[in-house]
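Below is one structure, written out as structure tokens, with a few remarks after it.
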Amino acid sequence: MKRTPIVLLTASALLSLTLAACGSSASSPAAAASSSAPILVGADLSLSGDFATEGVPYAHGYDLWANYVNSHGGLLGRKVSMKILSDASNQAEVTTNYQDLISVDHASLLFGPVSTLFTVPAAREAQRFGYALVEGAGGGPVVFSSGLTNVFDTGLTVSGTVVPFAKYLAALPASERPTTAAYATENDPFDVPETQGAQQVLQAAGIKTVFNKTFPQEVADYTPIADQIAATHAQVVILGAGDLSVLSPFVHAFIQQGYNPEAFYTANGANPPQFLPAIGGVGNANGIVTSGSWFPGYQNAQSEAFVKLYLKTYGGSAANIDPSVAEGYSVGQVVQAAVEATHSLDQAKIIAYLHSGATIQTVLGPVRFDKLGENTAASAFLFQWQGGQYVSADPPQAGVQGLVFPKPAWGAS
Amino acid sequence: MIYGQAIVDGILTGGVYALMAAGLTLTFGVMQVINVAQGVLVVLGAYLSYELAAHGGIDPFVGLLITVPALFVLGVVIEVVLIRRLRHLSVFNFVVMAILATYAVSVITEGALDLAFGSGLVEVQASYVDNSFVWFGMHLPEIYVYGFLLAAGLLGALSLLLYRTRFGRSVRAAEQNRTSAMLVGVPVQRVSTIVFGIGVAITAAGGMVFGATNAFNGSSGADLISRLLTIVILGGLGSMGGALAGAVALLVVENVVAVAWSPEWAPLVFSVVLVGVLLIRPNGLLGRAVAS
């Protein structure tokens with residue numbers, strides 16, 4: 001009996017440590033309410049766990065925006081204070097975190113999480129309290145079919161991702177057009193409809209589906225799925241990979257099987273800076289296609305200013321800036337534009353402004369929301385690894401001819 | 001052919017998982033410690049191999065000469081600083097507190113890895129990672145073949161250590177009855193420390209192969225631990241051969257279901273197999289009854 005308190009004490013200490021690790025800076029409700037106190041902006045991000053590869057760069061983007069605003073007179077003349085809570089990639093934490101940000105911290109503004117899986121519970125909680133929720137990486141169709149009127153996504157819609165690539169393949173001359181395609185996707189509310197969109201376009205063009213499977217988010221071994229695709233000799237592979245940890249085993253397995261599809265599209269994971277070191281160099285990257293709304297070479301004044309700001313703050317090279325940082329930064333820009341346009345922190349006014357059809361210039365290019373909160377003006381790029389460089393192939397950036405098809409052999413320079 | 005490939009893939013990958021799970025089953029079998037830090041220690045081993053390969057140009061298998069002793073020392077430190085201090089507790093409280101203590105190790109290690117390496121995914125590189133042996137028309141990835149051979153060698157060596165040496169007799173005596181072992185002069189405390197060190201050390205080998213076949217970051221251990229626990233429960237807690245059998249069973253069943261049916265059903269089918277096996281053999285495929 002005497003030992004029971006030791007167990008409880010240790011358990012309590014561990015719980016406290018874990019909870020303490022979830023939070024960052026704090027701000028009192030009284031301070032948030034004061035007209036001269038910093039404006040508290042609350043956000044939930046995945047700073048550890050499966051979604052940390054996006055969550056951490058997003059946090060950099062949010063912080064970078066806050067630092068920029070604070071160094072340029074603040075928002076409505078007040079400093080901005082970011083409070084980011086980590087959900088540790090656990091969906092159950094998302095609702096709790098937004099409850100805390102709203103009810104305990106009295107945040108004036110809310111930024112969204114990463115992943116469609118988290119956006120719906122986050123937006124529901126925000127809507128319950130009348131808040132707008134602007135996000136950049138959680139815009140699967142389910143978000144916009146949930147009856148939510150307060151969510152706004154600065155990123156690409158599903159139709160802006162792989163579909164342009166599918167249309168490119170479908171439009172090839174019959175003699176060059178592939179005849180078979182394989183689809184494998186993670187069971188994710190963004191990746192599944194994305195892959196289905198490509199399949200509809202390719203099947204309509206007569207490109208036969210020879211493999212089509214969905215896999216769970218945590219798989220002990222991707223090799224048999226990849227090997228099965230290789231056995232079909234499909235000319236096109238459309239992979240709904242959630243991140244590099246999914247993409248990489250497919251790349252390795254294809255190489256090990258001696259299988260080189262003519263076209264290889266991945267939903268995620270192929271962007272710098274992590275892709276090349278993971279898959280063994282540029283030779284294994286060349287020809288792989290992905291999509292997105294930003295790249296470091298984007299010819300846009302705001303983007304160019306953002307790149308300079310990023311390099312000044314974090315160092316490194318422009319080529320290695322994670323696109324998620326820019327996406328996070330764009331969230332801040334959109335909220336800033338709404339606050340400045342309405343001259344208030346009134347959530348109803350902010351929501352009405354964002355629904356008004358106003359065009360906001362951001363690091364991602366123009367942002368204009370429809371009645372559902374989708375960005376109808378989003379810049380969509382098809383990126384491809386060419387000659388060891390991650391380039392925008394459609395629309396082609398300066399010095400790039402366009403998409404390379406068929407994909408070069410593995411290991412080719 | 002695709003089913004044959006799936007089965008062979010499962011056997012080879014099962015070897016890698018057995019390597020990762022071996023330490024877990026060893027520390028439970030001898031010490032009744034369910035080391036829930038095993039997953040993150042695998043990732044630590046992967047990072048050490050990654051650093052040696054990326055910055056030292058050292059082949060991952062050669063690098064084991066450094067990483068295995070390094071993790072042995074870490075295991076000894078964990079045992080001396082944390083586990084040993086819980087030995088005065090009742091058996092139940094010891095098991096519970098050991099879980100909490102190793103959970104703390106897991107949280108601290110993951111945090112340290114995040115601080116040191118960030119959230120970016122990396123992978124251990126070697127010239128042979130993308131090469132394959134062709135065998136009866138099937139492509140066998142070299143890294144998995146080498147990993148399986150390493151697993152077979154290390155698990156075999158561990159079995160020899162446990163069943164053919166004086167130290168092994170001490171270990172088994174401690175496993176069967178700590179008090180009686182102490183009474184006949186077995187240095188149970190020292191044996192426990194060495195066993196825990198070995199359990200963590202062997203994780204370095206599993207981590208190296210895991211890191212060469214998967215992109216990973218500090219958080220990757222969280223996904224691993226549930227699978228590793230499943231493997232040792234299926235194989236039989238405390239059994240080296242059971243770890244290999246459990247791992248191969250897990251991977252082969254999941255692979256065949258993924259190919260024949262759907263990857264989405266693979267974990268469910270495996271769970272059914274697991275429950276079925278435990279109903280027939282409550283101590284797992286190769287496990288023995290655990291002393292109360």
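Every number in this text was worked out from the coordinates using simple rules, so none of it is lab data. Quick caveat: nothing in here was measured; it's all calculated off a predicted structure. Backbone-built Cβ (ideal geometry, glycine too); neighbour counts: all protein chains shown.
Data overview
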| item | result |
| --- | --- |
| Highest-MSF residue in chain A out of A:Ile225, A:Ile84, A:Ile351 [GNM, Cα springs under 10 Å] | A:Ile225 |
| Helix-only [θ]222 nm of chain B, DSSP H runs n ≥ 4, -39500 (n - 2.57) each, per residue, nearest 500 | -25000 deg cm²/dmol |
| Vicinal HN-Hα couplings computed from phi for the range A:303-317 (Karplus, 6.51 cos²θ - 1.76 cosθ + 1.60; Hz; Gly/Pro x) | 5, 5, 5, 4, 4, 5, 4, 4, 5, 5, 7, 10, x, x, 10 |
| Cα gyration tensor category, rounded, prolate or oblate, for chain A with a/c compared to 1.5 | prolate |
| Inter-label distance, nm, simple model (7 Å from Cα along the C-beta direction), A:Lys167/B:Arg84 | 6.9 nm |
| Environment charge at A:Thr362 (Cβ cut-off 12 Å; Lys +1, Arg +1, Asp -1, Glu -1) | 0 |
| A:Trp410, B:Trp135, A:Trp65, B:Trp265 arranged by Cβ crowding within 10 Å, fewest neighbours leading | B:Trp135, B:Trp265, A:Trp410, A:Trp65 |
| Other-chain or far-sequence residues with amide H under 5 Å of A:Val114's (modelled H) | A:Ser46 |
| Proximal aspartates and glutamates to A:Lys167, defined as alpha-carbon separation beneath 17 angstrom and excluding residues fewer than eight positions away on the same chain | A:Glu176, A:Glu194, A:Glu262, A:Asp394 |
| Global form of the protein assembly as shown, assessed from the alpha-carbon gyration tensor, a/c cut-off 1.5 | oblate |
| Linear extension gain, A:Asn67 paired with A:Gln200, 0.36 nm per residue minus alpha-carbon span | 43.5 nm |
| Residue-by-residue Karplus 3J(HN,Hα) for the range A:360-371, coefficients 6.51, -1.76, 1.60, Hz, glycine and proline x | 10, 7, 9, 4, 8, x, x, 10, 9, 9, 8, 5 |
| Convex hull volume per residue for the range B:2-280, taking Cα atoms only, in Å³ | 135 Å³ |
| Listed residue pairs exceeding 30 Å between alpha carbons, taken from A:Lys79/A:Lys308; A:Lys308/A:Lys349; A:Lys208/A:Lys371; A:Lys83/A:Lys213 | A:Lys308/A:Lys349; A:Lys208/A:Lys371; A:Lys83/A:Lys213 |
| Residues with amide H under 5 Å from that of A:Ile288, placed H, sequence gap 5 or more | A:Trp385 |
| Global geometry of the range B:15-106, whether rounded, prolate or oblate, following the gyration tensor of its Cα atoms and the 1.5 cut on a/c | prolate |
| Within-12-Å neighbourhood charge of A:Tyr329 [Cβ basis; K, R +1; D, E -1] | -3 |
| Around A:His252: net Lys/Arg minus Asp/Glu count, Cβ-Cβ under 10 Å | -2 |
| Sorted by Cβ neighbour density within 10 Å, fewest at the top, the residues A:Lys83, A:Lys213 | A:Lys213, A:Lys83 |
| Residues A:Ala409 and B:Arg281, FRET efficiency given R0 of 60 Å [Cβ-Cβ distance, rounded to 0.05] | 0.75 |
| Chain A: most fluctuating residue of A:Val363, A:Val69, A:Val143 per GNM, C-alpha cutoff 10 Å | A:Val69 |
| Karplus-derived HN-Hα couplings along the range A:68-75 (A = 6.51, B = -1.76, C = 1.60, θ = phi - 60°), whole Hz, x at Gly and Pro | 5, 4, 5, 7, 10, x, x, 10 |
| Proxy reagent accessibility, fewest Cβ within 10 Å first, across B:His88, A:His355, A:His252 | B:His88, A:His355, A:His252 |
| Mean residue ellipticity (222 nm) of chain A, computed from DSSP H runs ≥ 4 via -39,500 (n - 2.57), nearest 500 | -12000 deg cm²/dmol |
| For A:Met82, distant residues with modelled amide H under 5 Å away | A:Val41 |
| Chymotrypsin sites (Phe, Trp or Tyr not before Pro) restricted to the range A:178-268 and DSSP loop, no more than 13 other C-beta within 10 Å | none |
| Cβ neighbours within 10 Å from other chains - mean over B:117-127 | 6 |
